[in-house]
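Report on the following structure.
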Amino acid sequence: MQTKGNVLVVDDELGARESMKMILSDRFDVSTADNGDKAIQLVKQTDFDVVLLDIRMPDMTGIEVLQHIKKQDPSPEVMMVTAYAALDTVQDALRFGAYDYVEKPFKSFDHLRDVVSRGVERKLKSSQTIQLAKEFEEIKKQIMQLEKMSSLGQMASEVIHELATPITGMLGYSEFLLEQECDEIIKNSLRKIKSEAERSQTIIRNILAFSRKPENIKALININEVVSKTIDIKMQHFSTDNIQCTLNLDSDLPDTLADFNQIQQVLINIANNAQDAMKSHEGKRQLSIITTHDSNFIYLAISNTGPSIPKEYQERIFEPFYTTKIAGQGTGLGLSISRDILRSHNGDIRLSSNAGEGVTFILEIPIEKK
């Protein structure tokens, strides 16, 4: 059902004012004012769609009231009402922003209603245009942010490739030295160096695999393996922000037909959001991942102890470009992309968050063998 337009009638004559209110009240919500000052104050307080202004009033002319209204808020559509339709006065009114005028006595009640309806439609279209312009500007900012992230990603990929060579050298030299005769204390230190070099190699391999352009090829994979490799990538970042990570993985979890890289992207997106939420949180910082299954689906419950998400935001959290982060810290695309990926696998994602209980995302991935 279309909302009634909100109309203000301004006329110093009681009879004319009440007549217009009576004629228009069946279609619109009508307020009245008997002078220009009251009209200006009412427009400050209320979002009117259309203002009907009598041109001739004792304290302030309709043209002067029109100029005041348009100066403080250009959005209301203004229609002039006059019994003295002098051409120069009408031209002044149109020049200062009025959209039309009607003469008293009115041609018909329906004519007055139709002219006001046109003003309400103009206001609606104007509001929609302004909103679209705001959304366009927001999208431009998001695109700029994505371009920035793409550049940073390219730089990070180059740095990671550069790190691979010295780490391989460290691993080779530590293995060589371990084969030589030396003090046991030195050997223990060399084993630690070798172990950390191997861990660094694993992290680099996982990051490079994640950053490669996805081929959208589904194969039989184990979701527990995706979880483990994703946590390997994120563990150092979690440690930096004092975030503990616990895994409770179903040892009997069946393999399923899925795209490894896409499922990993979903996990990375959710893990990044959890880290951002928790790193400024004063309480316990813990991320936990639980995998379970039934006869049809594999379930991942990814929980964090950060701030809960208010109910009014939960419906919009998966919308593209919607973000609760401050400007410049998020694109609002991660969860939207994650949902699209899971739905392309005939799965889904849902959110559970109650006040004081953190946030849990539950991923559903169907068990498919072919």
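Taking 0.36 nm per residue of sequence separation and removing the Cα-Cα distance, the Asp26/Gln236 pair yields an extension gain of 68.9 nm.
Taking every lysine pair in the stretch 215-366 that is 8 or more places apart or spans two chains, those with Cα atoms closer than 19 Å amount to 5. In the chain, a dipole from Cβ-located charges (positive for Lys and Arg, negative for Asp and Glu) runs towards its positive end, and of Pro76, Asn272, Ala98 it is Asn272 whose Cα lies farthest in that direction. Residue-normalised convex hull volume from the C-alpha trace of the stretch 67-123: 71 Å³ per residue.
Of the peptides 360-367, 41-48, 54-61, the ranking by mean beta-carbon count within 10 Å, highest at the top, reads 360-367, 54-61, 41-48. Peptides 217-223, 337-343 ordered by packing proxy, namely the average of other Cβ atoms within 10 Å per residue, highest first: 337-343, 217-223. Each other residue within a Cβ distance under 14 Å of Asp29 adds +1 if Lys or Arg and -1 if Asp or Glu, for a net charge of +2. Shown in residue order for the stretch 306-313 are the 3J(HN,Hα) couplings computed by the Karplus curve 6.51 cos²θ - 1.76 cosθ + 1.60 at θ = phi - 60°: x, x, 6, 9, x, 3, 5, 9 Hz (x for Gly and Pro). By the Kirkwood approach, averaging reciprocal distances over each pair of separate Cα atoms, the stretch 5-106 gets a hydrodynamic radius of 13.2 Å.
Assuming R0 = 56 Å, can you tell me the calculated FRET efficiency for the pair Gln128 and Val159, based on Cβ-Cβ distance, to the nearest 0.05? Spell out each step's value before the answer.
Working: r = 46 Å, r/R0 = 0.82.
With a Förster radius of 56 Å, E is 0.75.
For a straight C-alpha distance cut-off of 16 angstrom, the aspartates and glutamates reachable from Lys4 (same-chain residues fewer than eight places away being disregarded) are Asp26, Asp29, Asp47, Asp49, Glu77, Asp114, Glu121. Give me the base-10 log of I(q)/I(0) for the chain at each q in 0.08, 0.11, 0.12 Å⁻¹, Debye formula, one uniform scatterer per Cα, rounded to two decimals. For the chain at q = 0.08, 0.11, 0.12 Å⁻¹, log10 I(q)/I(0) is -0.65, -0.85, -0.92. If R0 is 56 Å, the Cβ-Cβ spacing of Glu138 and Ser195 corresponds to a FRET efficiency of close to 0.75. Each peptide among 130-141, 162-173 gets the average number of other Cβ atoms lying within 10 Å of its residues, and from highest to lowest they stand as 162-173, 130-141. Once the Cα atoms are used to define both axes, helix 334-344 deviates from the longest principal axis of the chain by about 70 degrees.
Counting only residues at least eight positions apart within a chain, or on another chain, the lysines with an alpha carbon under 20 Å from that of Lys70 are Lys38, Lys44, Lys123, Lys125. The phi-based Karplus calculation (6.51 cos²θ - 1.76 cosθ + 1.60; θ = phi - 60°) puts the 3J(HN,Hα) values of the stretch 71-77 at 6, 7, 7, x, 6, x, 7 Hz, whole numbers, x for Gly and Pro. Between Asp183 and Thr246, the simple spin-label model (points 7 angstrom out along Cα→Cβ) gives 4.2 nm.
Each value in this text was obtained by applying a stated rule to the coordinates, not by laboratory testing. Bear in mind that the values here come from a model prediction, so they are computed numbers and not experimental data. A quick note on method: Cβ atoms are made from the backbone with ideal geometry, for glycine too, and the neighbour counts reach across all protein chains shown.
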